[in-house]
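Take a look at the structure below.
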Amino acid sequence: MSKVYSKIESIAGNVIIVKADGVRYGDLAQITTSFGTSLAEVIKLDNELVSLQVFAGSRGISTGDEVRFLGKSMQISYSESLLGRVFNGSGEPRDKGPRLSENLISIGGPSFNPAKRIIPRNMVRTGIPMIDLFNTLVESQKLPIFSISGEPYNEVLARIALQAEVDLIILGGMGLKYDDYLYFKETLEDGGALSRSILFIHTAADPVVESLMVPDISLAVAEKFALDGRKVLVLLTDMTNFADAMKEIAITQEQVPSNRGYPGDLYSQLASRYEKAVDIEGAGSITILAVTTMPGDDVTHPVPDNTGYITEGQYYLRNGRIEPFGSLSRLKQQVNDRTREDHRPLMDGMIKIYAAYKEALEKQSMGFQMTEWDEKLIKYGELFEKEMMDLTVNIPLEEALDNGWKILSACFEKEETGLRSSLIEKFWPADSLKSKAGQE
Amino acid sequence: MSTTGKVVAINGNMVSVKADGNVIMNEVGYILNGDKRLKAEVIRIRGEVAQLQVFEQTRGIGVGDEVNFSGEMLAVELGPGLLGQIYDGLQNPLPELAEKTGFFLERGVYLEALSRTKQWSFKPSVSIGDKVNAGDYLGVVPEGPYEHKVMVPFNLREEYIVKAVVSEGSYTVSEKIVEAEDSRGGKKSFTMFFEWPVKRPITLYEERLKPVEPMVSKVRLMDTFFPVAKGGTYCIPGPFGAGKTVLQQITSRHAEVDIVIIAACGERAGEVVETLKEFPELIDPKTGKSLMERTIIISNTSSMPVASREASVYTAVTLGEYYRQMGLDVLLLADSTSRWAQAMREMSGRLEEIPGEEAFPAYLESSIAAFYERAGIVRLNDGNIGSVTIGGTVSPAGGNFEEPVTQATLKVVGAFHGLSRERSDARKYPAIHPTESWSKYNGIMPVDHVKYAHDILARSGEIEAMMKVVGEEGTSLQDYIIFQKGEFLDVVYFQQNSFDPVDAAVTPERQKKVFAQILLLLATELNFGDKEEARRWFYQMRQKYLDYNGAEWRSDSFKNYEKEIADILQAKSLGTDKRAASILEDLKK
Ligand SMILES: Nc1ncnc2c1ncn2[C@@H]1O[C@H](COP(=O)(O)OP(=O)(O)OP(=O)(O)O)[C@@H](O)[C@H]1O
Ligand SMILES: [Mg+2]
């Protein structure tokens, strides 16, 4: 079924309205203009009036242009031939490879039955102590990096992607700077991972609306591979651009905004994507690592705020480091009881003392007299930042735990750590270690 | 003949339908789409066009699709077999759905909430000639740890005379168990289950009572400081990651109630799974049976359709009210009421209603109030007492409590457990803010005892704030000790390790014991030479208490720690605060 209409009733923002019948909600249409063709999706039906969201934007569309309904909703080809390929936000090749059209699958499919989910159980090792020790990443987790633009979030994403033991990496880029796109491509290539990667790239130069499909396409493909037994890591960068595209559409549609112009369903829209993360019993899994840039470094901005309510934690990247405060992995407790018995208590204990260090710093900056205790805290904080927070540190979890004890023993008496005596007896380093760590 | 219609417009999950007959507000209609029947609810009627919110994704629906109106309002099935179930917001059993459709939730598949084949051993409690009214008991069946009362359907207005009763034995929920006649000779037969529209409160009781008896949660900060009463209401607002869900999860495990209903409303599916997988393995100390047998999960998580999310909290509370009719204490935990409010907002937007603050509909406040009003402790017609307690989390935008949902909720609840970002960042769990939270209910401790501790805490907070300005050196030793006392109370009593097998759940008995010792410490004048000595002493004391909190109740090590604690305190004691004299007197008893 493919009907052609050549009278566009109205054009506003990136939405056009045509009169047509037999059209279904969510169907695709192709619009042919003097500039080329673009896909469009049905976003509203009112009797014979059909509203279409045009992926390439409405600039240059004439009321006399041709609209052809495809009689189906958005689909993408699914096969092994996707591996190593690069596509744009509409699923068209961006590299020199062929168009793929076999084995089409729908995107934005139904949600996973909660009763079929299993409890996540595998730690994803990253070699970053702020992650492995303090906020362990878990297979099937959905977790964004919160940061302001300019921070090395894409570098962190790429590093984790290469280090994590996954079968497949899917990169969904939204509003990606061209340089960043090249960076990802090169890093994956250099790391020998490009052949097990699939890239869906919408760059900052592409029409905004086209970014809207990127998460759904990436996740639909990921879901199929996961059902086929693969461990898939999906990287989505930057979800704030995705949300902004939704905002733009909502405003053209004259929807009442709920908060700073964003539509009232922002939460549900983001959730339906992030909830695709899953560990499938007897098959593979989807882990989602995303980037959410925070306009004005404001975590209460609607995009990071809604994201935080959806995802299973977040990593705060600030000044090139993953901050201990605000960073959180909600799934860590599923795995950190099976790593080493001191993992959990050290994780909480060290952060508590780091918080006290911050207070001591504040005191110092206000010129108050520093007590003996404050001095200890300051020493601790400095060691902590150097040994744990610095992103150049790349060590296994066990080594990070040992370092934790070294730092504590270099700074404190046993009972000052707030840790249970039984643990201290077992893990407190001998004196020789103490002086060694102290000299570092 | 029932009404039919045709789709004329689609916008998101709202579909407008031109009907060929009468349409009832809130009735259920089905949109015929291919071989699927998609469930929807009428939410506005304008002339011959009805607007329906569809409980499914609307992709693929077209103008002209046929619609069948059912004539029935959105309802749930009430009868034996609800306990231990996991349902979606419309009471579809999710495990059975999975058997049918696999990993994913297919559109348009609706299953019966109660098994029609399972046999229940029914024991009648009425005999021929008895007069029965709506809500009266007809007999009992054992269900999990309880005797499930089989009742006369709640929607019947007439009095009936029992004409026939089945004998004791095994029956399915759909078999006739009683035949009866009304005063005009109209015949009626009853099965073990019936339906009830979710948006109607069940009010078949003698009177509503004032909630006074504490609902024990075994969370120290709740039971001792901000208690909740059976039949009361409370809310847990907090920014993301502050610990709302974990707090509800531990409450759902340890609360001393008969039945817990968990409404996972628009939140993460993964969180439900933890409950789902763990509860069958955990033993409820009260009944000796698995925790799952006292639990019902309504799981309409964030990626499931928004309209059924809106319905899910009503489904949950209706099931709660049903078990209350049996004289049981029910606790409903809704996570998160903000997602429910947002579902209302989405619908209101599509209906193009005039928006209120932050685009929420004007009826937001009254909807929230009406929901919490369905809690309550009641005296039933047979004199028994039953209760529904409601605890809802609130997820305020930006973590700012000055927003419509939090504000509307605070107006109607009896206790407020506000979670603070500062406390959760510092890993001080549960992150209930100890000075901003409040409760209007009485707890397990005498009010003046709690007040004494609370006053020290408040004073300690003031001193801490002052110290930030004048430094430790500008603070007197006296004040410094009070500051340390407040901190001590926070660390060893407010903070509770929910992942520690012992500390996770503290019985009222143990709370009373530990709190008494803490009160003694707080009321003791301590003898220190300088601040450094004071600090060290308090750290040592903290350490002892942390070990003590982790020791099994009344075990040897528990007793040893108790003794050590008393000795350490005694060694520095200069006597006690005169204002605490009567409290300390109480404690001796
Ligand atoms: N009582 C607790 N003890 C130890 N850790 C806790 C506690 N409460 C919360 N946490 C930690 O904080 C994380 C987030 O808690 P939780 O999921 O309850 O937050 P939330 O307030 O429900 O957030 P959201 O609004 O995003 O759902 C947990 O995964 C856990 O790591
Ligand atoms: Mg939560």
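The values are calculated or read from the model by the stated rules, or taken from the named source; none is laboratory data. Keep in mind the model is a prediction, meaning the values are calculated, not measured. Please note: Cβ atoms are built from the backbone with ideal geometry, for glycine as well, and neighbour counts cover all protein chains shown. We work out accessible area using only protein heavy atoms, side chains counted, and drop any ligands, DNA or RNA first. Shrake-Rupley method; radii C 1.70, N 1.55, O 1.52, S 1.80 Å.
Scanning region B:90-102 for residues that are surrounded by 17 or more Cβ atoms within 10 Å (Cβ to Cβ) and either touching a Leu at 6+ places or on another chain (Cβ under 7 Å) or facing chain A (nearest Cβ under 10 Å) (or both) returns B:Asn92, B:Pro93, B:Leu94, B:Glu96, B:Leu97, B:Ala98.
Every listed requirement among (1) away from ligand 1 (no atom under 12 Å from the Cβ); (2) surrounded by fewer than 23 Cβ atoms within 10 Å (Cβ to Cβ) is met by A:Ile288 save one, (2). Would you check if B:Ser174 is farther than 30 Å from A:Arg117 by Cβ and open to solvent by 40 Å² or more (accessible area, probe 1.4 Å)? Judged against the criteria, B:Ser174 is a match. Taken together, B:Pro211, B:Pro237 contain a single residue that is touching a His at 6+ places or on another chain (Cβ under 9 Å), buried (at least 21 other Cβ atoms within 10 Å of the Cβ) and not aromatic (Phe, Trp, Tyr), which is B:Pro237. Checked against the criteria, B:Tyr87 counts as at pLDDT 95 or above, open to solvent by less than 30 Å² (accessible area, probe 1.4 Å), not acidic (Asp, Glu) and not assigned by TED's automatic domain parsing to the domain that holds B:Lys36.
Being away from ligand 1 (no atom under 15 Å from the Cβ), under 26 Å from B:Ser387 (Cβ atoms) and surrounded by fewer than 24 Cβ atoms within 10 Å (Cβ to Cβ) is a condition met by at least one residue of region B:329-347. Within region A:339-354, the set of residues being open to solvent by 10 Å² or more (accessible area, probe 1.4 Å) and among the β-branched types (Val, Ile, Thr) comprises A:Thr339, A:Ile353.
Residues that are under 32 Å from the mean Cα position of the chain (by Cα), open to solvent by less than 10 Å² (accessible area, probe 1.4 Å) and either over 19 Å from B:Ala263 (Cα atoms) or among the small types (Gly, Ala, Ser) (or both) within region B:64-84 comprise B:Gly79, B:Pro80, listed in sequence order. The set of residues in region A:32-82 being aliphatic (A, V, I, L, M), open to solvent by 20 Å² or more (accessible area, probe 1.4 Å) and within 14 Å of chain B (Cβ to nearest Cβ) consists of A:Ile43, A:Leu49, A:Leu70. Residues of region A:324-340 that are in a loop (DSSP other than H, G, I, E, B), away from ligand 2 (no atom under 16 Å from the Cβ) and more than 14 Å from B:Ala242 (Cα to Cα): A:Pro324, A:Asn336, A:Asp337, A:Arg338, A:Thr339, A:Arg340. Just to be sure before I move on: is B:Gln511 under 24 Å from the mean Cα position of the chain (by Cα), away from ligand 2 (no atom under 16 Å from the Cβ) and not in a loop (DSSP other than H, G, I, E, B) in the structure I sent? Spelling it out, B:Gln511 is indeed under 24 Å from the mean Cα position of the chain (by Cα), away from ligand 2 (no atom under 16 Å from the Cβ) and not in a loop (DSSP other than H, G, I, E, B).
Exactly one residue among B:Val132, B:Val49 is in contact with an Asp or Glu (Cβ under 9 Å, 6 or more places away or on another chain), outside the structural domain of B:Ile297 (by TED's automatic domain parsing) and at pLDDT 95 or above, and that residue is B:Val132.
Here region B:240-282 is the region considered, the condition is being of a type in the set (Asp, Glu) and more than 13 Å from ligand 2 (Cβ to nearest atom), and the residue that is least open to solvent (accessible area, probe 1.4 Å) is B:Asp258. Sort out which residues of region A:305-323 are more than 16 Å from ligand 2 (Cβ to nearest atom) and closer than 24 Å to B:Arg423 by Cβ, and write them in order of number. Selection gives A:Tyr315, A:Tyr316, A:Leu317, A:Arg318, A:Arg321, A:Ile322, A:Glu323. Would you confirm whether or not region B:340-363 contains a residue that is within 27 Å of B:Asn13 (Cα to Cα) and within 15 Å of the chain's Cα centre (by Cα)? Checking region B:340-363: at least one residue is within 27 Å of B:Asn13 (Cα to Cα) and within 15 Å of the chain's Cα centre (by Cα). In region B:482-491, the condition of being acidic (Asp, Glu), surrounded by 14 or more Cβ atoms within 10 Å (Cβ to Cβ) and touching a residue at least 24 places away in the same chain (Cβ under 8 Å) is met by at least one residue. When restricted to residues that are farther than 21 Å from B:Arg345 by Cβ, out of contact with any Lys or Arg (no Cβ under 7 Å at 6 or more places or on another chain) and not in a helix (DSSP H, G or I), region B:284-324 contains 9. Listed by position, the helices (runs of 4 or more DSSP H) contained in region A:194-294 that have at least 2 residues being acidic (Asp, Glu) are A:214-227, A:239-252.
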